[in-house]
Amino acid sequence: MNPTISINDSHRLQVAPLKIPTRLLLGPGPANAHPAVLEAMNTSPVGHLDPAFLGLMDEIQSLLRYVWQTDNQLTIAVSGTGSAAMEATIANATEPGDVVLVGVAGYFGNRLVDMAGRYGADVRTITKPWGQVFSLDELRTALETHRPAILALVHAETSTGARQPLEGVGDLCREFNCLLLVDTVTSLGGVPIFLDEWGVDLAYSCSQKGLGCPPGASPFTMSPRAMEKLQKRQNKVANWYLDMNLLSKYWGTERVYHHTAPINLYYALREGLRLIAEEGLASYWQRHQKNVEYLWQELENIGLTMHVEREFRLPTLTTVCIPDGVDGKAIARQLLNEYNIEVGGGLGELAGKVWRVGLMGFNSRPESVDQLIAALRQVLA
Ligand code: PLP
């Protein structure tokens, strides 16, 4: 102790042990984690190079290949949230000057634009009103015009609730010799995805939505075509933490230390994935579809309408139009404060126009719908 310097106690809060209200998280994410996931997370940590942990990493890789329906060797979880995995796809696949074409029909398309620009890409965009999706013809015309190195699309635009169909897009990208990069943050687990069948080269997701986990360990995958581009780079990947050349030495057979993995988050992810494998992917997807259809029906029964055309609505996230004269923010606040139910508000173009209601992972249950509808009946009366 240095006797001449006294400790400043002005920030020394005397707070009570943690107490957080229990909420039903029916917003855009996070969703409530499955109780078994929280229990797994409570397991004591081991070292990040402990053989028991390395075995668990292998299991995560395999289970991620299952939920994504891919055989990609480089399939891992990035230590960070969905945005970190998003940045990993851009950082590894983009070289300065590359033309990156982004389909922007919502908030997260714009985030891809921002990120790709930061890595020196020559970013081009095609746009659609928020809530709509791109047709194959529109994508073909855009590829002909821009001749990009990468086409980036958001499979499930969380800001709008729209599902971008991906069938045929991979073939188109091969015809134009470009890579297909897809955001599956709000689709993985809840929306049918066949990465290899659809010819997706780079994809990322998160843990806190369809996988029923807390945020913090985010799926990432790249195809052999994308690996080839990575190996041919002229410059180092500009982001050390997300460089797959380094990370693959930790996740692959070499097992070289890269960073201290957030061990307990990986416990959680493994349990979330294990539960999906136990239930079976087809049944997991069907459950999401069945429960969201029940939600739409019940919302219609109380006089509410949906923003997105039925064919393109997501099973995981529904944008509900706020009726004229209703203060959407006040209603959301009331749901939270009086009913412990979280729903999201609109972003960007849809701010003040919609509520965003998520039914993801563990929360995709009829009871979630019943609880929300009962509360809405009260607050909208
Ligand atoms: N992409 C989409 C479509 C998202 O919905 C989100 C977050 O909700 C992200 C990316 C970013 O993920 P995170 O908030 O986990 O960083």
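The values are calculated or read from the model by the stated rules, or taken from the named source; none is laboratory data. Treat the numbers as computed from the prediction; the structure is a model and nothing was measured. We place every Cβ from the backbone using ideal geometry, glycine too, and count neighbours over all the protein chains shown.
Inspection of segment 234-253 identifies no residue that is within 16 Å of the ligand (Cβ to nearest atom) and touching a Leu at 6+ places or on another chain (Cβ under 6 Å). Annotation note: of 156, 149, the sole residue that is away from the ligand (no atom under 16 Å from the Cβ) and buried (at least 18 other Cβ atoms within 10 Å of the Cβ) is 149. For residue 249, the criteria (1) among the charged types (D, E, K, R); (2) in contact with a Lys or Arg (Cβ under 8 Å, 6 or more places away or on another chain); (3) crowded, with 16+ Cβ neighbours inside 10 Å hold in every case but one, which is (3). Residues in segment 274-289 that are charged (D, E, K, R) and surrounded by 15 or more Cβ atoms within 10 Å (Cβ to Cβ): 274, 287. The set of residues from segment 114-131 being closer than 25 Å to residue 161 by Cα, of a type in the set (Gly, Ala, Ser) and not in a loop (DSSP other than H, G, I, E, B) comprises just one member, 116. Within segment 143-168, residues that are more than 23 Å from residue 230 (Cα to Cα) and modelled with pLDDT of 95 or more reach partners that are assigned to a loop (DSSP other than H, G, I, E, B) and among the aromatic types (Phe, Trp, Tyr) with beta carbons closer than 8 Å, at six or more positions or on different chains, in the pairs 144/176; 164/134; 166/198; 167/198. Checked against (1) more than 20 Å from residue 182 (Cβ to Cβ); (2) within 16 Å of the ligand (Cβ to nearest atom), residue 217 passes all but a single condition, namely (1). If the condition is being among the β-branched types (Val, Ile, Thr), within 30 Å of residue 280 (Cβ to Cβ) and buried (at least 23 other Cβ atoms within 10 Å of the Cβ), then segment 76-103 contributes 76, 78, 89.
If you check residue 281 against the conditions, is it of a type in the set (A, V, I, L, M), modelled with pLDDT of 95 or more and within 21 Å of residue 371 (Cβ to Cβ)? No: the conditions fail for residue 281. Number of residues in segment 45-86 that are under 19 Å from the mean Cα position of the chain (by Cα) and of a type in the set (A, V, I, L, M, F, W, C): the value is 12.
On the phi > 0 side of the Ramachandran plot and more than 16 Å from the ligand (Cβ to nearest atom) - does that describe any residue in segment 169-187? For segment 169-187, residues on the phi > 0 side of the Ramachandran plot and more than 16 Å from the ligand (Cβ to nearest atom): present.
Of the helices (runs of 4 or more DSSP H) lying entirely inside segment 240-330, those containing at least 2 residues that are under 17 Å from residue 190 (Cα atoms) and not basic (Lys, Arg) are 263-279, 281-301. Residues that are more than 16 Å from the ligand (Cβ to nearest atom), among the hydroxyl-bearing types (Ser, Thr, Tyr) and modelled with pLDDT of 95 or more number at least 1 in the following helices (runs of 4 or more DSSP H) confined to segment 23-104: 51-68. Of all the criteria given as (1) touching a Ser or Thr at 6+ places or on another chain (Cβ under 6 Å); (2) under 25 Å from residue 315 (Cβ atoms), the one not satisfied by residue 48 is (2). Being over 30 Å from residue 171 (Cβ atoms) and loosely packed, with under 15 Cβ neighbours inside 10 Å is the requirement here; does residue 236 meet it? Judged against the criteria, residue 236 is a match. Every condition in (1) in a loop (DSSP other than H, G, I, E, B); (2) within 16 Å of the ligand (Cβ to nearest atom); (3) of a type outside the set (Asp, Glu) holds for residue 198 except the one numbered (2). Assess whether residue 207 counts as being part of a loop (DSSP other than H, G, I, E, B), within 12 Å of the ligand (Cβ to nearest atom), in contact (Cβ under 8 Å) with a residue 40 or more places away in the chain and hydroxyl-bearing (Ser, Thr, Tyr). So residue 207 passes the test.
Can residue 223 be described as away from the ligand (no atom under 11 Å from the Cβ) and modelled with pLDDT of 95 or more? Here the answer is yes, as residue 223 does meet what is asked.
Checking each residue in segment 132-154 for being in a helix (DSSP H, G or I) and under 26 Å from residue 319 (Cβ atoms) picks out 136, 137, 138, 139, 142.
Which one is nearest to residue 35 (Cα to Cα) among residues in segment 343-352 that are surrounded by fewer than 23 Cβ atoms within 10 Å (Cβ to Cβ), in contact with a helix residue (DSSP H, G or I) (Cβ under 8 Å, 6 or more places away or on another chain) and in contact (Cβ under 8 Å) with a residue 40 or more places away in the chain? That would be 344.
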